[in-house]
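Structure, as structure tokens:
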Amino acid sequence: MRKSFLSLSTLSAALLCAGFINAHAAEPYYNPANPASATGKTTGYELYSTIGCPGQALLNGACVTTPEAKAAPAKQAVPKAAAPADPWLRSYLFVPTGVKETSGLMVERLIPREVVAGQPFDYLLKVTNLTPSTLKDVSVSDVCGDNFSLISSTPQTTQANNNHLQWDLGEMAGKETRDITVRGAYPAGAPARSCVSAAYDLTSCQAFNVVEPKLNLTVTAPAEVMRCDPIPVRYVVSNPGTGTSREAALTANTPEGLGSKDGTLMGVAALGDLAAGASRTVEAIFMAKAPGTYEFKPVASASPALKAEAAAGTKVTQPKLEVSKTGRDEVLLGRDVAYTIKVANTGDAVARDVVVEETLPAGASLASASAGGKAEQGKVVWRLPDLKPGESKELSVALGVHNLGMVTSATRATAYCADVAHATAKTDVKGIPAVLLEVVDMVDPVEVGKDTTFVITATNQGSATDVNLRIKAVLEDSMSLVSSEGATAGTATGNTVEFAPLPALAPGDKATWKVTAKAGKPADHRFFVEMTSDLRNRPVQETEATTLFK
């Protein structure tokens, strides 16, 4: 802060006061007319540089004129009408430079040319702010003669001891003018003077902004998705403050178990500077590797020392199919192989687009299917409605099987976003062995002493192979064994012949054995045959009657 002031006490006051002192001199007042001045009269700073020839006698100095004034040719005086005498002495003070164009404050003083001793008189100080800006701490001071008596002042003085007057005007707006009116008196013979000075605060003020940048972060994600569906996540970093947030960055903190579907944000994203009110949006799409709850906890940062956090959670669900299958372990050939299939959703999401497929075993055909199951390209296919979590659907299927042996039935269930579920069942398709035993005597009746042959035939009329077929033949004592032959070798023990087991007799096949015997005496003879096998619990018996005569 610097106070600037300029005083006219040396020049202006001396001139004015001299006028009062020499009230009866030939030139009782100072004439401001100055032909050497560009304005034609001496004002302001010109009081210091040149006061004009009329003031020479007062300052006892040479008359100062400019070179141009001396070189100027004399002009013919043109008579003019006499102007009325100005009752006021005018002077100007420019603070701080003394030049109006480079000063901030002007004080114009108007003092009567002469006053009467002992009589009150008024004089005026006009204070003007020459600048468009506000001046602060403006003060004006006037030092008068020692015998000056202050009667009144408008505005009131802030310091007054009769001859030393001061006015503290405070702030003055740009181009504002204020008047100071002073009333006082001088006694007879007292010297009169007015020495004015002024000052103001030259403080230079610069307004600048105080800003408060801020940082805000939001993250949004769906509350629930299925595992096969994408998880769209939206991050918004904004600056709701009043200044720029510098070098903003976003750290995603992606939860474990999530992968980026499109290669977007997985770590840290640089966002640059954020102006006041600006925002940056980052979008990412994630895929979950497994069901569960995933928490998104991103962090945004910026300078100076700004940080923001946010959180959002997504529950990832998935349907889970389970297939069970039941049926008979064994089925006789010719009968349908039937299964009951149960499909259940044990997951936590709806199973949509449920498809159940039953693969037809080789040599099998669809006999029947429930719930609209249809044969399609070697499969029985069901297309089911949605299964909510905990729901199940029961299906049945019957297969026509035309071959003996083990039948393996495979079932497969699928749904959107569910892992494939499988189930299998095995059924042994068995046949029924049905062996027809026949015994025929080739000669009947038989004369004693002659032979006849008994033919034993085993025919498998069933659907399964009979295993280890054994034949045992017995002659009564009225006949005697001659020989035996056939599909297997026979062993005789007296009148009994046991043939070795026939390993297998397939459906439709026949096996023959022959026993030749001689008639020993007349009788009503019975030829007894017994057949056993591994697949029969009881023997099959056949008897052939033969008449023996003499």
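The values are calculated or read from the model by the stated rules, or taken from the named source; none is laboratory data. Computed from a predicted model, the values in this text were never measured in an experiment. Cβ sites come from the backbone with ideal geometry, for glycine too, and all protein chains shown count toward neighbours.
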**OP:** For Val467, state whether it is closer than 18 Å to Phe528 by Cβ and either touching a Gly at 6+ places or on another chain (Cβ under 9 Å) or surrounded by 15 or more Cβ atoms within 10 Å (Cβ to Cβ) (or both).
**Re:** no
**OP:** Residue by residue through segment 260-274, note down the ones that are surrounded by 12 or more Cβ atoms within 10 Å (Cβ to Cβ) and either in contact with a His (Cβ under 7 Å, 6 or more places away or on another chain) or of a type outside the set (D, E, K, R) (or both).
**Re:** Ser260, Thr264, Leu265, Met266, Val268, Ala269, Leu271, Gly272, Leu274
**OP:** Kindly provide the set of residues from segment 515-529 that are buried (at least 16 other Cβ atoms within 10 Å of the Cβ) and either over 18 Å from Val482 (Cβ atoms) or among the charged types (D, E, K, R) (or both), ordered by number.
**Re:** Lys518
**OP:** Output the residue which, of all residues in segment 245-257 that are in a loop (DSSP other than H, G, I, E, B) and not small (Gly, Ala, Ser), is nearest to Ala305 (Cα to Cα).
**Re:** Asn253
Subject >> Criterion violated by Gly508 - all others in (1) modelled with pLDDT under 95; (2) surrounded by 16 or more Cβ atoms within 10 Å (Cβ to Cβ) satisfied >> reply: (2)
Original post:
Just checking, which of Pro240, Pro155 is without any contact (Cβ under 8 Å) to a residue 40 or more places away in the chain and in the same structural domain as Gly292 (by TED's automatic domain parsing)?
Top reply: Pro240
Subject >> Ser303 of a type in the set (Ser, Thr, Tyr) and over 24 Å from Glu391 (Cα atoms) >> reply: yes
Subject >> segment 116-137, residues that are part of a loop (DSSP other than H, G, I, E, B) and within 19 Å of Thr154 (Cβ to Cβ) >> reply: Pro120
Original post:
When you look at Asp466, is it in contact (Cβ under 8 Å) with a residue 60 or more places away in the chain and closer than 30 Å to Thr547 by Cβ, yes or no?
Top reply: no
Original post:
Give me the pairs: first residue in segment 104-123 and of a type in the set (Asp, Glu), second residue not in a loop (DSSP other than H, G, I, E, B), beta-carbon distance under 6 Å, and six or more apart or on different chains, which are they?
Top reply: Glu108/Tyr92; Glu108/Lys126; Asp122/Arg183
Original post:
Looking at Lys510, Lys514, which one is among the basic types (Lys, Arg), under 17 Å from Val439 (Cα atoms) and without any contact (Cβ under 8 Å) to a residue 60 or more places away in the chain?
Top reply: Lys510
